[in-house]
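Reading through the structure tokens given below for one structure.
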Protein chains: 2
Amino acid sequence: MPARKKAAPAKATRDREATEQRFIEAAARVIARDGAAGLGVNAIAAEAGADKKLIYRYFGGLDGLLEAMGANTAVWIGDALSASKGDYGQRMGAVFAAYAGNLRGDPVLQKLLAWELAGPSDTLRRIDAARSKAMYAVMPKLRGDEKPPEGVDAPAVNAILLAALHYLTLRGATMGGFSGLSLKTEADWKRAMAAFDGLLARTYETD
Amino acid sequence: MPARKKAAPAKATRDREATEQRFIEAAARVIARDGAAGLGVNAIAAEAGADKKLIYRYFGGLDGLLEAMGANTAVWIGDALSASKGDYGQRMGAVFAAYAGNLRGDPVLQKLLAWELAGPSDTLRRIDAARSKAMYAVMPKLRGDEKPPEGVDAPAVNAILLAALHYLTLRGATMGGFSGLSLKTEADWKRAMAAFDGLLARTYETD
DNA sequence: GCCGTATGTCACCAACTAGTGACAAATGGA
DNA sequence: TCCATTTGTCACTAGTTGGTGACATACGGC
């Protein structure tokens, strides 16, 4: 065998767009599997089967890659938009239920939410920005024309209920339950959401 | 100057108990400051001003040290035990309010709770064990003889409300708010807790 | 065909990590 | 006083990290 220095490199497809996509999907897989900890160029490059150098060349670094990944996460809401009817409480109940189901099936979003609670991070804040913007834009449409009953601080109440939803979802995924409430099976979640609906209905009921 | 190889070591007090305590307090400071990320023997030893070798000698490693730190965290509950009176809902309201205040002032506990959501960890589970045990033991005493109204799944409702409290506290500490609800100032929290009390009262009110 | 450029690969660096062996020095008992 | 044990210090290994420079190779325009 003559003077070829290296044996046989250049197996890859030599397609920038495809490679970028591989990195983005690899980043999502790493986050879904390991969470924010252990998230780095080495792990992502290994997962993608490509060289980390390309992360710097194509995305400018880890931050750029994560931002691109966040931009690809677009859907995840608005499903329950058409089916919502009834008074304010019923509509919000439908929204919360749909959102809870989506969140429970999206490990990447779960890890992102958990990461937010670990501490402030510029990277994370940029990833989150697009999502939050979409969320706030959709909210008025979800509400429709219905108004919450007087004497109820609806924004605060909704934030509290959404917070509970987030926390219970994360605890269910990591510890399988919280404060004596099991959150493993579908039946567990049915019970939890029933209590949730009761809470919501009693607060927003129109006397 | 004769053949003394090293200049002048041995400044420390040569007191094992005091050194162990220094490590435990240093670990708590590091967690409060940096959270679970960046938590390691090097950082803790530097914070304590002692050698990391002693962590292995005295605690058997990082896990042992963190466990000892968790064991020292004992108080933080039961303050609102005597003052609670009224029906079930009112008693629970007092408990939640006291708990929220304690949690908001305890950055170490906050980081521990956030860490739990990042993923399962044997270390963490052991740290948490003692705390949870104390919590569950106190609960019946907090309730007193009052019983929740029929038709309400009180354990589930309480778990939901406690989940919301945890999540809002963590979001307030890291991002300063959640879902449009600001959680920075005392006034912000007063508003949040007012909505919280409303939620609780409407659910546990005896018709 | 030829050649510049884009794409991919590898080797290396400095800095950090967890963990350990060897040693100095203070303490306390005999 | 002597000596064993404990307490503390330091140096070192091996591995991982983020990041970069140098290089090989394929592609596309001319």
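The values are calculated or read from the model by the stated rules, or taken from the named source; none is laboratory data. All figures in this text were calculated on a predicted structure; none of them were measured in a lab. FYI the Cβ positions are ideal-geometry reconstructions off the backbone, even for glycines, and counts take in every protein chain you see.
Odds and ends about this structure:
- Matching residues in region B:115-163 - criterion: being in a loop (DSSP other than H, G, I, E, B), modelled with pLDDT of 75 or more and away from every other protein chain (no Cβ under 12 Å): B:Glu146, B:Lys147, B:Glu150
- The lone exception for A:Trp115 - which of (1) under 10 Å from the mean Cα position of the chain (by Cα); (2) buried (at least 18 other Cβ atoms within 10 Å of the Cβ) it fails: (1)
- Test for B:Ala26: is it modelled with pLDDT under 95 and not basic (Lys, Arg): no
- Scanning region A:13-46 for residues that are within 14 Å of chain B (Cβ to nearest Cβ) and on the phi < 0 side of the Ramachandran plot yields A:Val30, A:Ile31, A:Ala32, A:Arg33, A:Asp34, A:Ala36, A:Ala37, A:Leu39, A:Gly40.
- Helices (runs of 4 or more DSSP H) (entirely within region B:13-68) containing at least 2 residues that are within 10 Å of DNA strand C (Cβ to nearest atom) and free of Cβ contacts under 8 Å to residues at least 24 places away in the same chain: B:41-48, B:53-59
- If you go through region A:170-183 and keep only what is over 19 Å from the mean Cα position of the chain (by Cα) and surrounded by fewer than 19 Cβ atoms within 10 Å (Cβ to Cβ), you end up with A:Gly177, A:Gly180, A:Ser182.
- Checking each residue in region A:164-173 for being at the interface with chain B (Cβ under 7 Å from one of its Cβ atoms) and touching a residue at least 24 places away in the same chain (Cβ under 8 Å) picks out A:Ala164, A:His166, A:Leu168, A:Leu170.
- Checked against (1) within 9 Å of DNA strand D (Cβ to nearest atom); (2) modelled with pLDDT of 95 or more, B:Leu62 passes all but condition (1).
- Test for A:Phe178: is it at pLDDT below 95, out of contact with any Ser or Thr (no Cβ under 7 Å at 6 or more places or on another chain) and aromatic (Phe, Trp, Tyr): yes
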